[in-house]
Amino acid sequence: MRPKFYLAFFYSLLTFANAFSQTDLSYYLPEKISYDQSIPTPKSIIGHEVGEWHVSHDRLVNYMYALDNASDRVSLEQTGSTYEGRPLLLLTITSSKNHKNIEAIRTQHLKLSDPTQSGSADVKSMPVVFYLGCSIHGNEPSGSNAGLLMAYHLAAAQGPEIEKYLENTVILFDPSFNPDALHRFSTWANSRRSKLISTDPNDMEHNEAWPGGRTNHYWFDLNRDWLVAQLPESQARIKKFHEWKPNLLTDHHEQGTNATFFFMPGEPTRVNPITPKKNQDITRKMGEYHARALDEIGSLYFSQEGYDDFYYGKGSTFPDANGAIGILFEQASSRGHAQESVNGVLRFPFTIRNHFTTMLSSLKAANEMREELLNYQRDFYKTAVADAAKDPIKAYIFGSKDKARSFHLAEIMNRQKIDLYRPSSNQTINGKNFEAESSFVVPMNQTQYKLIKGMFDKQLKFTDSLFYDISSWVLPMAAGVDYEELKTAPTLGEKMNELSMPKGKLIGKGDYAYVIEPYGYYTPRVIYQLLKNGIRIKVATEPFYHPNGKKFERGSILISVDNQEVFPQALEAMMKGITEKDGIDVFAFNTGLDYKGVSLGSGSFITLKKPEIAILVEGGVSANDAGELWHLLDQRYEIPVTMLPLNQFNSANLNRYTTIVFPAGNYASIADGAKEKLRIWLQNGGVAIGFENALTWFQSAGLGKFDMKKEDDKKEANTKAKPYGDIQKSVGAQETSGLIIEADVDLTHPLLYGYYTSKIPMFKSNNLYMEKGKGAYANPLTYESNPLISGYISKPNYTKLKQTSGIGVSVQGKGRVIGFTENLAFRAFWFGANKMCMNAIFYGGLVSAEAGR
C-alpha cells in the first residue's frame, strides 16, 4: 500500500504545481458582492482565467471593447497609437446617469483649476475624477492584468456601495500605459511557460532577452516622459489628463522579486519643494486605506522608503504639480508565472490580487475623501496664482538662432496647458537677442505657475543626497535656447494658442550657390536628404560672407548650383522644400567672390559624404541609451541606421559602415579578433563614436586614449570611521543621478559647429571624469573651476569634475575615435546636445590629427 500512497501523494503534488496559475475570479473579487451576469467575465473574452497566462495586449483590448459594448457604465475611446500601431485606450467609467451628462460634468470640474471660476463650483455635488493607469513598464504586468478585474468589477458589480461610488466618481481607466512593451513581455513569458511551472529564478521565463519588456518601441522608459511628453504614448495621455484635470492618479508598477508591496508616500526628505505639504498629508491619509485593505488579505507592505516624489516626469509625481494627488504602487514581481523569493514562492495571481486590492482601496479613498480632494485642487490653483503675484520673477522669455528648438520647447509647454505669448517687439536682454517672430514669453501669473516653476527652477540645495531619478531638468537649458528671467511684467504680444513648426525662407536671389547656416536643429536631416538625393554639398571650415555683408560661420553648408546631377530649377525646388519642412533659412548667392572671408571655391570647404551608420546593441549595451540614439536618427533626422547586435559585430564585415556608434554599456563580449578588425577599419578611415563608459572600453582595448580621473589612494586610506547604518546613504550620496553643468566650448572645432555661445549647459548622469588631453587642440569641451548650474553632486565628485574634458578625439590612422563623457540624446528632450552627436557623424572624420589626444 505504501507505494500507492507515495504515488498518490506525488500526483497530488503535480496537480498542486499545475494549479499554480489556475485561479478563478473568487480568489480576487470581494466577498458578498453580486455581479451582473450580462457583463462578460475576462475569461469569456480572453480565453483564460486572470493570472493563468499573461494577458496579451490584443486580448486586453478585446475585453475592453466587450465591456464598452455590454455596459452603460463604460465608454471607450482610442486616444492615439503607439509606434507599433497598437491602440491607446481610455475608458470613462461612471454611472449611467453621469454618462448622459458627462461633458457638463467635465466642464464643471475644470472650473476648480481656474481661480476666476472655482468659487462658483459646488464640490458637495461634484464627482471626484480618478485616473487609474496600469503597467507603464511592460514587464511589470500585474497592473494591467489587475486592470481586467477592476474593469469587470466597475462594470458588473451590483449593490448600493458600487452605485454610490459610480455616482460620485468619474474613473478614467487606462488598461495599458505601454501597449508595445506589455505585448512584448507577455509574448516572452507565455512562450516560455512550462506546463509544470518552474519557480527557479534561473529559468528562461524569468530572464528576459535584451532589451527586455520594460520600455516602449524605441526603448524609452515612459515613466520618465510625463513632463516633457516626447513620445506618442505620453502625448495622448497628457492630452486626456488636461482635458479632465483628475484629482487622483494611481500608477501601478512592480519591483524586485524579493520585495513586498509599496505604496506612497515615499521618502519624506525627497519631495519636490514645489509640491504643497497638504499633498503629502492627503497621500498619507490615503495610505491608511491601502494598509487596511492589504491587512485584510494578509499581504506584507511598506511605505515612506526607497521611492520619492521629486522628479515631475514620473507618473506618481507629475500630478503633484497639477493640483492632483499621485500615488505609486509597487508590487514584488514574479517576472513570469511563479518565482521563488525570500518570502516564499511568489505567484502571478498573488501579485495581481495586491494591485486589484489597492485599486479598490483607492476608489474607496477617493470617494470618502471626495470633498477634501476637490477642495484641495481648488485651493492649489488659488494658491498658485497668489504665489505667482508675489514671485519676483514675472515672466520668462526664450528664443534662439535655431527656431526649431524654441518651437519644441514651446510645444512641451503648450501640451501642458501653459500660456505662451510672442514678445511685443524684438528685444535684447543681457546681450541675448529675442526676435518677436520666433521667441516666446511665459508669464508667471497663470494657473500653471507651479508647473512652470517645475520646468524653469534651478536648485542647488537639497534636504537629501539620494534621488530615485534625476535631480535637475531645467527645460530651457535642455532645449539649448537663450532665456532670461523678467523681473517686471512685460508687454505681451500675440497669445500662441496653436503652435506649428516654423517655416524658413529662401533669402536673396542668385543662381551660383545656396548656403545654410549651421544653427538649425534639423540641419542634419537636410544634409542627409541632400546627400541621399545625390546633391554635392560642402561644409565650411572657415567663416565667409554673403555679398550683402552677412557673415556665415564655420559649419555652414554650401550647395553649388553648377555640376549637380539635377537641373537648377529642381535644386531650387529642393531648397524651398527645406524651408517648408525643416524650418531653416536658405540663402542664395550670385557670386563666389569674398574678400572679407574665404571665397566659395576655397579648399576650406570640405565635401561631405553620405554616412552609413551602425549602432551597437544587445549584450551589455544600455538599451535606454541605444534607443535614444536610434530614435534621434530614425524619427527626428530620418537617417537610416543598422542596429548591430554585439554577437553579429564579432563576425560582421565592417567595411559597409562609415560610422559605428558605441552607446553607453559594457563591451567585454567583443572578441579579440573583432577588436583587431575594428582597429583596421579605423585605420582605413572609419569613425567610431563612444558615449560614457564605452570610453573606458576604448581605452582598455587600446583603441583610444581616454584617461579618467581615479580615486586618491591617500584620501581613501585616511577615511574616517562611520556607523554601519550609514552605508546605504553614504554610498548612495556618491551617485550622480542627473545634474546640469556648464561647459566651455571651442566654437571653431568641427564637433561644435552650429553652437554660437562659448558656454553651454550639459546633462551629466555618471561619475566619469576625463582628464584633459595634453595637446593644444585636444579639449574642445571642458568643465572648468565652477561648472555646477543645477542639481546634486557630492563634494568629492564635484572636485573631480573640475578641470576635466567632456570630449576627446583619438587618432587611429585615417580614422577617428570620438568620445563623449555625457549622454547627448537624453530622454529625447535634451535637444541642445543633439547637434554634437550629429557633428560627430558628419564631421568626425574631418577632425585634424593635431587635435587628437
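So, R0 is 45 Å and r is the distance between the beta-carbons of S651 and D58; what FRET efficiency does that work out to, to 0.05?
Values: r = 36 Å, r/R0 = 0.81.
After rounding, the FRET efficiency stands at 0.80.
Averaging the sequence gap over all C-alpha pairs within less than 8 Å and six or more residues apart, then dividing by the number of residues, gives the chain a relative contact order of 10 percent.
The magnitude of the dipole of the stretch 506-566, with charges of +1 and -1 set on the Cβ of Lys/Arg and Asp/Glu and taken from the Cα centre, is near 140 debye. Inter-part distance, the stretch 83-155 to the stretch 546-574, computed on C-alpha centroids, equals 54 Å. For GluC sites (Glu not before Pro), the sites in the stretch 553-593 that DSSP calls loop and that have at most 11 other Cβ atoms within 10 Å are E565.
How far, in nm, would the chain grow between V566 and S81 when pulled straight, counting 0.36 nm per residue and subtracting the alpha carbon separation?
Working: separation 485, 0.36 × 485 = 174.60 nm, distance 3.89 nm.
Additional length available on full extension: 170.7 nm.
Mean residue ellipticity at 222 nm, helices only, the chain: -10000 deg cm²/dmol; runs of at least 4 DSSP H residues each add -39,500 (n - 2.57), and the sum is divided by the number of residues.
If packing is taken as the average number of other Cβ atoms within 10 Å across a peptide's residues, how do 520-532, 342-354, 782-794 rank, most packed first? Present the calculation step by step, with values, prior to reporting the outcome.
Working: 520-532: 21.9, 342-354: 20.0, 782-794: 18.3.
Packing proxy ranking, top to bottom: 520-532, 342-354, 782-794.
The chymotrypsin sites (Phe, Trp or Tyr not before Pro) of the stretch 579-679 that meet both conditions, a loop assignment by DSSP and at most 15 other Cβ atoms within 10 Å of the site Cβ, are Y595. Label separation (D672 vs D379): 7.1 nm, computed from points 7 Å beyond Cα along the C-beta direction. Ordering P211, C837, M126 by the projection of their Cα atoms onto the charge dipole of the chain, which places +1 on the Cβ of Lys and Arg and -1 on the Cβ of Asp and Glu, puts C837 at the extreme positive end.
Each part reduced to its alpha carbon centroid, the stretch 36-61 and the stretch 619-691 end up 43 Å apart. Checked against a 22 Å cut-off, the cross-linked pairs K314/K450; K729/K759; K432/K596; K100/K240 give Cα-Cα distances beyond that limit for K729/K759; K432/K596.
Of the residues I727, I670, P611, the one whose Cα sits farthest toward the positive end of the charge dipole of the stretch 604-754, with +1 on the Cβ of Lys and Arg and -1 on the Cβ of Asp and Glu, is I670.
Between Q37 and S425, the contour length at 0.36 nm per residue exceeds the Cα-Cα span by 133.1 nm. This model, with +1 at the C-beta of Lys and Arg and -1 at the C-beta of Asp and Glu, gives the stretch 613-692 a dipole about its Cα centre of some 300 debye. Can you grab the distance from the C-alpha centre of the stretch 483-544 to the C-alpha centre of the stretch 220-285, Å, no decimals? Using only Cα atoms to place each centre, the spacing works out to 37 Å. The computed Cα Rg over 2.2 N^0.38 Å for the structure shown corresponds, within (i) 1.16; (ii) 1.06; (iii) 1.02, to (iii). Place a +1 charge on the Cβ of each Lys and Arg in the chain and a -1 charge on the Cβ of each Asp and Glu, then give the dipole magnitude about the Cα centre in debye, rounded to the nearest 20. Roughly 1220 debye for the chain.
Rolling a 1.4 angstrom probe over the chain with all protein chains present gives an accessible area of which 49% lies on carbon and sulfur atoms. If R0 is taken as 25 Å, the Cβ-Cβ distance between K532 and T748 corresponds to a FRET efficiency of 0.30. Here the Karplus relation 6.51 cos²θ - 1.76 cosθ + 1.60, evaluated at θ = phi - 60°, turns the backbone of the stretch 589-598 into coupling constants of 10, 10, 7, x, 7, 8, 8, 8, x, 9 Hz, with x for every Gly and Pro.
Amide H contacts for L420 (H built 1.01 Å from N in the peptide plane; partners 5 or more residues away or on another chain; cut-off under 5 Å): M496.
Put a dot 7 Å past the Cα of F302, heading toward its Cβ, do the same for E485, and the two dots end up 3.9 nm apart.
With a simple spin-label model that places each label point 7 Å from the Cα along the Cα-to-Cβ direction, the separation between A291 and Q117 comes to 3.9 nm.
For the stretch 459-495, trypsin sites (Lys or Arg not before Pro) are listed when DSSP marks them as loop and at most 11 other Cβ atoms sit within 10 Å of their Cβ; the list is K461, K487.
Applying 0.36 nm per residue to the separation of K195 and T757 and subtracting their alpha-carbon distance, the gain on full extension is 196.0 nm. Positive end of the dipole of the chain (Cβ unit charges, origin at the Cα centre): among P502, N178, H631, the Cα lying farthest that way belongs to P502.
Taking amide hydrogens as placed 1.01 Å from N in the peptide plane, the amide H of M444 sits under 5 Å from those of A395, Y396, each at least 5 positions away in sequence or on another chain.
The values are calculated or read from the model by the stated rules, or taken from the named source; none is laboratory data. Just so it is clear, the structure is predicted and the values come from calculations on it, not from any experiment. So basically every Cβ, Gly included, is an ideal-geometry build from the backbone, and we count neighbours across all protein chains shown. With ligands, DNA and RNA removed, areas are computed over all heavy atoms of the protein, side chains included. Shrake-Rupley method; radii C 1.70, N 1.55, O 1.52, S 1.80 Å.
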